[in-house]
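Undergrad: Mind having a look at this structure? Questions to follow.
The values are calculated or read from the model by the stated rules, or taken from the named source; none is laboratory data. For clarity, every value in this text was computed on a predicted model and none was experimentally measured. Note that each Cβ is placed from the backbone with ideal geometry, even for glycine, and that neighbours are counted across all protein chains shown. These area figures cover heavy atoms from the full protein model, side chains too; ligands, DNA and RNA do not enter into them. Shrake-Rupley method; radii C 1.70, N 1.55, O 1.52, S 1.80 Å.
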Amino acid sequence: RMLELAHLEHGKLSWANLFSPAIRLAENGFTLSPRLAEQLRKDRFLREVPTALRYFYNSDGTAKAEGAVLKNPAFAQTMRRIAEEGANAFYQWPIAESIVFASRNAGENPGGMTLADLANYRAIKREPVCNKYRFKKVCGMGPPSSGGITTLQILGILSNFNMRAIAPTSSEAVHLITQARALAFSDRDLYIGDNDFVSVPIKGLINSDYLERRGNLIDLAIAKMQRKAGLPKRSDNENLHPGGTREGKSTTHLSIIDEEGNAVSMTSSIETAFGSRQMASGFLLNNQLTDFSFWAKKNGKYIANRAAAGKHPRSSMSPTLVVNEDGSLMMAIGSPGGSRIIGFVSKVLVAVIDWNLSIQEAINLPNFLSRNKGTELEKDSSVEALRAELEARGHIVNTFTATSGLHGIHCTNRGLEGGVDPRREGVVLWD
């Protein structure tokens, strides 16, 4: 329904034609990539679901190998029905019935989904959150996504420092940026949830005076590893307790700009690898409920991202558009990566805007993160060599191998320049 709503407002091609490439791939098949083949080998649960077992694995239970061709006639039939009947077909019999059946018969952990739940679902159009950074206007997704606000907080804190004077992969850069991220994540974990259910102080969190005060908490010599949330205007943290989630990393992102300058930055996720592992009508069902806090209260205080009927879970998806002073588009960027997405995207924004790197150079930079739980350095990258120096500054350092999947376009004087993450199977295409 979200895609149909966007198409009704902005689309030019016929709705039915949009499904042709997906239908062809489903019928003719696609080649199993090295990364997907490895994920199938390692997954512990997918074989337990008969429909998934038949699709992804051989008759002897071994994973289909790299280069194998996967065909999915059931999915082709699903796409045809939606193409012919519109988005409502997804929420009605027989597709909806197959989804409900898969959910309610999910082995050891059956769900309680009903046909009415699907029939009553409506897409909600929300306003983006925007703020200035170095004379650029940066816009992202607002609540229930935490990506837009938290990214803008990181940039707002860094706007008080001369980032252009700092080398991109130096210990100074890693120290300053991870400290800004720790401060932003402390606010994220306390305040952000579905704005229809909790009052998220959006304006207060991205207010320049507030972010200047937050930035003043950073010591350029010594790191603090566990930051506490601040108190932005129009907020009440007396009755809230920070609450984390177990966000998965099975997300995808694409950035598109057409010949007229229209841009889309779109992130989509089914949560953990292969979602819930349940299949219906040729596709996997997501596992987004794990984006909610697993607790409603802690220490007598409510958690903003607690679960509730009709409530959308918080995510870290950070599709972002950047606009120049004259109103022209500068950049479209985003990434998969669970709660690390915010760090991946903010890295590219700083690298392109402050360090004047090309978008591909910015994406290629090693990843270094903080989610207010210590400093994370990408394993086997140049920043891993900074470990001793950072620990001397007070950082608690861990390495990680989770792959980013950044995908972006930069509008330059030379034309459009695309960039894709070498850590995944991304491609740049133009017509």
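Undergrad: For segment 275-326, what class follows from the C-alpha gyration tensor (a ≥ b ≥ c being the square roots of its eigenvalues): rounded when a/c is under 1.5, otherwise prolate if a/b is larger than b/c, else oblate?
TA: Details: a/c = 3.30, a/b = 1.11, b/c = 2.98.
It comes out oblate by the Cα gyration axes.
Undergrad: Here's another thing I want to ask about it. Cβ under 9 Å from V322's Cβ, V322 left aside: what net charge do those residues give with Lys, Arg +1 and Asp, Glu -1?
TA: Numbers: positive: K136, K137; negative: none.
Net charge around V322: +2.
Undergrad: Let me ask something additional. May I ask you to list the aspartates and glutamates whose Cα is less than 18 Å away from that of K297, ignoring any residue fewer than eight positions away on the same chain?
TA: By straight Cα distance, K297 reaches D187, D189, D194, D236, E238.
Undergrad: Accessible area per residue of the chain at 1.4 Å probe, in Å²? Each step should come with its number before you reach the end.
TA: On the way: 21470 Å² over 431 residues.
Accessible surface, normalised per residue, equals 50 Å².
Undergrad: Provide the convex hull volume over Cα atoms per residue for segment 187-329, in Å³.
TA: Numbers: hull volume 27.3 nm³, N = 143.
Expressed per residue, the convex hull around the Cα atoms of segment 187-329 is 191 Å³.
Undergrad: Next up: Scanning the chain for helices, which whole DSSP H stretches are 15 Å or more long along the axis (Cα) and average 0.5 or more by Kyte-Doolittle?
TA: Span-like helices in the chain: 147-158, 341-353.
Undergrad: First measure r as the distance between the Cβ atoms of A116 and A65, then evaluate 1/(1 + (r/R0)^6) with R0 = 51 Å and state the FRET efficiency to the nearest 0.05.
TA: It comes out at approximately 0.75.
Undergrad: In nm, to one decimal, how far is the S20 label point from the R35 one, both placed 7 Å along Cα→Cβ?
TA: Between S20 and R35, the label points sit 2.9 nm apart.
Undergrad: Helix-derived [θ] at 222 nm for the chain: sum -39500 (n - 2.57) over DSSP H runs of at least 4, divide by residue count, nearest 500? Intermediate results must be reported in sequence, preceding the final value.
TA: Details: 14 runs with 132 residues, N = 431.
Value at 222 nm, helices only: -9000 deg cm²/dmol.
Undergrad: Take the Cα atoms of segment 80-230, build their convex hull, and give its volume per residue in Å³.
TA: Looking at segment 80-230, the number lands at 198 Å³ per residue.
Undergrad: Given a Förster distance of 51 Å, report the FRET efficiency between I396 and E97 from their Cβ-Cβ distance, rounded to the nearest 0.05. Present the calculation step by step, with values, prior to reporting the outcome.
TA: On the way: r = 50 Å, r/R0 = 0.99.
Efficiency for this residue pair is about 0.50.
Undergrad: Count the net charge of all other residues whose Cβ sits under 14 Å from the Cβ of P422, scoring Lys and Arg as +1 and Asp and Glu as -1. Numbers along the way, then the final one.
TA: On the way: positive: R35, R423, R424; negative: E361, E378, D380, D421, E425.
After counting each charged neighbour, the total is -2.
Undergrad: Would you compute the Debye intensity of segment 70-111 from its alpha-carbon atoms alone, equal scatterers and no solvent, and pass along log10 I(q)/I(0) at q = 0.20, 0.23, 0.27, 0.29 Å⁻¹ to two decimals?
TA: Treating every Cα as an identical point scatterer, log10 I(q)/I(0) equals -0.68, -0.79, -0.88, -0.93.
Undergrad: Amide H of T412: which non-local residues (sequence gap of 5 or more, or other chain) have their own amide H closer than 5 Å, using H built in the peptide plane?
TA: Placed amide hydrogens put E417 under 5 Å from T412.
Undergrad: May I ask for the net charge around V350, where only other residues with Cβ less than 14 Å from the Cβ of V350 are counted and Lys, Arg are +1 while Asp, Glu are -1?
TA: On the way: positive: R134, K136, R164, R181, K347; negative: E172, D354, E361.
Value of the local net charge: +2.
Undergrad: Of the listed pairs K137/K373; K301/K379; K42/K136; K12/K347, which have alpha-carbon separations greater than 32 Å here? If you can, show how the numbers build up before the last one.
TA: Numbers: K137/K373 30 Å; K301/K379 38 Å; K42/K136 43 Å; K12/K347 35 Å.
Too far apart for the 32 Å limit: K301/K379; K42/K136; K12/K347.
Undergrad: Continuing with the same structure: From the convex hull of the Cα coordinates of the chain, what is the mean projected area in square nanometres?
TA: Its Cα hull, projected and averaged over all orientations, spans 21.6 nm².
Undergrad: Okay, next question. State log₁₀ I(q)/I(0) for segment 19-132 at q = 0.09, 0.19 Å⁻¹ as given by the Debye formula over alpha-carbon point scatterers of equal weight, solvent excluded.
TA: The Debye formula, applied to the Cα set alone, gives -0.36, -1.13.
Undergrad: Output wanted: per-residue J couplings in Hz (rounded whole) for segment 277-288, from phi through Karplus 6.51 cos²θ - 1.76 cosθ + 1.60, θ = phi - 60°, x for Gly and Pro.
TA: 6, 7, 10, 8, 6, x, 10, 7, 7, 6, 10, 5
Undergrad: For segment 298-421, report the convex hull volume of the alpha-carbon atoms normalised per residue, in Å³, without decimals.
TA: Roughly 166 Å³ of hull volume per residue.
Undergrad: Highest first, please rank the peptides 363-372, 88-97 by the mean number of other Cβ atoms sitting within 10 Å of their residues. Provide the component values of the computation, followed by the final result.
TA: Numbers: 363-372: 23.0, 88-97: 16.3.
The densest-packed peptide leads the list: 363-372, 88-97.
Undergrad: For segment 188-231, what number results from the quotient of the Cα radius of gyration and 2.2 N^0.38 Å?
TA: Numbers: Rg = 12.7 Å, N = 44, 2.2 N^0.38 = 9.3 Å.
Normalised Rg, Cα atoms only: 1.37.
Undergrad: Ok, one more. For Y133, which sequence-distant residues (separation of 5 or more, or a different chain) have an amide H within less than 5 Å of its own amide H, given hydrogens modelled in the peptide plane?
TA: V138
Undergrad: With r defined as the distance between the Cβ atoms of N28 and W295 and R0 fixed at 51 Å, what FRET efficiency is calculated, to the nearest 0.05?
TA: Details: r = 47 Å, r/R0 = 0.92.
Calculated transfer efficiency: 0.60.
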